[in-house]
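Quick note: the coordinates plus some simple rules give every number you see, no bench work behind them. In this text, all values refer to a predicted model and were calculated from it rather than measured experimentally. Cβ coordinates were reconstructed from backbone atoms using ideal geometry, including for glycine residues, and neighbour counts include every protein chain displayed.
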């Protein structure tokens, strides 16, 4: 039977289940990655699971999010992660070595392998022909302990790229165009597979930019075939022996097909405050710019930074622009320096930041009050930068640099300079000295635990009857940044009681106090949301901390994939309005009852919510599997696994 690229990889990894869209399947996981913002909780959960050895071929623990180390908490957490890596035989990438997705692409990614990461942008690995999926930390811990991951078998969209990009139009403009077409909602349960003659014109780093922002589409993942371009990239990384050819059969079938002519694209920009709010740069030129930031896991490769350096040769950034550049890895920084690019950037007025996530997650380079920040990162959610009043615009590197030079949002085609075409080098500089390779696992190693590191919190089983209050009602596209802000709060990720003080802080500053008060009075907290509830980051803290505050149910019009999995993992019941218009029939502060909820879940019968305040019934639905229901009834996955 003819297969597409996705089907070829998955069929080699199926443990159980039917290869049919909508069916529940369990697959073998070859590799895992964690980063320090999600990794501490992941490894605390791994300790609870107590595996005698890891079930994966390779697991890597990266430190790339909280590297600023203001206060003792981050340093302590990094020491915990390093000792855990020794205990279980995990690779450990030290702070300063680079962003997990960039480094994994360079040093560990293998075409045809499965990769599960506790970061939503793990999808970057699709640029090298991996089935790379973001997930909550508990799912990653289970994958390390048992080597498996369960998901809904997705539909596959074939995205055909034709033609070739014009000068000054970039890989970022391709994914922004796709976001304009598909939006950031309604794509759950889909894989995007890129094909067509246009992909031959794209290097692996360019492909990785596109698959990276598949996370913003809300798809399970996206991927390119493993072809000659993939082989060249791996050869340049001295890893050619890892290459295998994986291309779709000529008559492979797809659930839908989209075509894009690359030659027709032009520079695009995502307006505040969502990555799918796309317009042409030429439509809003002359917007005054206060800050330009180049980097993040989306656009921080050697090609990206050398393009910026060439554009800035013998030029200065505008005196009113704060210009920061963050290389994606130590390798990128070293090679840009060796090739003269770093001097160009510094001479032009760039501030060189650490090879880390930094400004993208709001823990450094926060823009000014009411300011405009042009960024090459992947998300521009309200307040994500660390400044709620700032406006973030997402662009390509070319557009960002042009804007830094002119001091206003600028279409790079209007600069009047020669287009900087940067080819991949035949050989990258290889220096893995900041990656601590595991020797034999050391089960008896002493684990370092700082005072900020707590235990993985536990939930109680779902009650027979839920009686509670709608503690919060929110609108559409609520992200995990809204639910669990990062930035300077992220250092408390290992201390759930403290971190829980900031749940929904950007939306309602009093939520945590109100929820904790209800919990202490024995009242269940209920959250009501709109479309695409739980967009964005994979951070499971957006489920753990609400659970700690006594949230038992979230009712919304629709959920995003990773967040609904996290809610289930921590025993919070996710329910949908049977009719979307019933969202209007329930308000914050109203008293709610859901009788016989355990019985109705077990029997898979329709669930009825009683709005006591309005004396009105509302029908609710769900797409929970038998396993999901068992996990929720037990009060979460750890409880379920103990049983």
Exercise. What is the fewest-to-most order of 276, 36 by other Cβ atoms lying within 10 Å of their Cβ?
Worked result: 276, 36
Seminar exercise, completed: Here FRET efficiency (C-beta to C-beta, residue 53 to residue 630, R₀ 30 Å, nearest 0.05) is 0.65
Exercise. When ranked by the protection proxy of mean other Cβ atoms within 10 Å per residue, highest first, what sequence do the peptides 50-60, 426-436, 464-474, 546-556 form?
Worked result: 546-556, 464-474, 50-60, 426-436
For this session: Please order 559, 131, 640, 419 by the number of other Cβ within 10 Å, starting at the fewest.
Result: 419, 640, 559, 131
Exercise. With axes computed from alpha carbons, what is the tilt in degrees of helix 171-182 against the longest principal axis of the chain, rounded to the nearest 10 within 0 to 90?
Worked result: 40
Exercise. So for the pair residue 418, residue 23, with labels modelled 7 Å out along Cα→Cβ, what separation do we get in nm?
Worked result: 5.7
For this session: Mind jotting down the distance between the C-alpha centroids of the range 616-643 and the range 541-590, whole Å?
Result: 12
Problem set entry | the range 1-51 and the range 412-475: distance between their alpha carbon centers, rounded to Å | 17
Problem set entry | Calculated FRET value between residue 200 and residue 612, using beta carbons and R₀ = 45 Å, to 0.05 | 0.15
For this session: Can you work out the PRE-style zone for residue 476? Point 7 Å along Cα to Cβ, and I want the residues of the range 520-564 with backbone N under 11 Å.
Result: 530-532
Exercise. Based on the mean of other beta carbon atoms within 10 Å per residue, what is the order of 190-197, 212-219, most packed first?
Worked result: 212-219, 190-197
Exercise. Expressed as an acute angle from 0 to 90° and rounded to the nearest 10, what is the orientation of the C-alpha long axis of helix 397-406 relative to the principal long axis of the chain?
Worked result: 70
Exercise. Tell me, how many Å apart are the Cα centres for the range 71-96 and for the range 277-308?
Worked result: 33
For this session: Give me 570, 359 ranked fewest to most by other Cβ atoms within 10 Å of their Cβ, as a rough exposure proxy.
Result: 359, 570
Exercise. Hey, got the Cα dimensions of the range 466-642 along the principal axes, in Å, largest first?
Worked result: 43, 37, 31
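Strictly greater than 50 Å: what percent of every Cα pair in the chain meets that? Don't skip to the end; give the middle numbers.
Numbers: 14796 of 206403 pairs.
Tail of P(r) above 50 Å: 7 percent of Cα pairs.
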Exercise. Which percent of the Cα-Cα distances in the range 173-310 go past 27 Å?
Worked result: 26
Problem set entry | Pairwise Cα inverse-distance average, inverted: Kirkwood Rh of the range 5-264 (Å) | 18.7
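Between residue 343 and residue 72, 0.36 nm times their residue separation minus their Cα-Cα distance comes to what?
94.2 nm
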Exercise. Across every pair of different alpha-carbon atoms, what Kirkwood hydrodynamic radius in Å does the range 178-219 reach?
Worked result: 11.1
Exercise. What angle, in degrees between 0 and 90 and rounded to the nearest 10, separates the Cα long axis of helix 36-49 from the longest principal axis of the Cα atoms of the chain?
Worked result: 40
Exercise. Of the listed peptides 477-490, 593-606, what is their order by residue-averaged count of other C-beta atoms within 10 Å, with the highest listed first?
Worked result: 477-490, 593-606
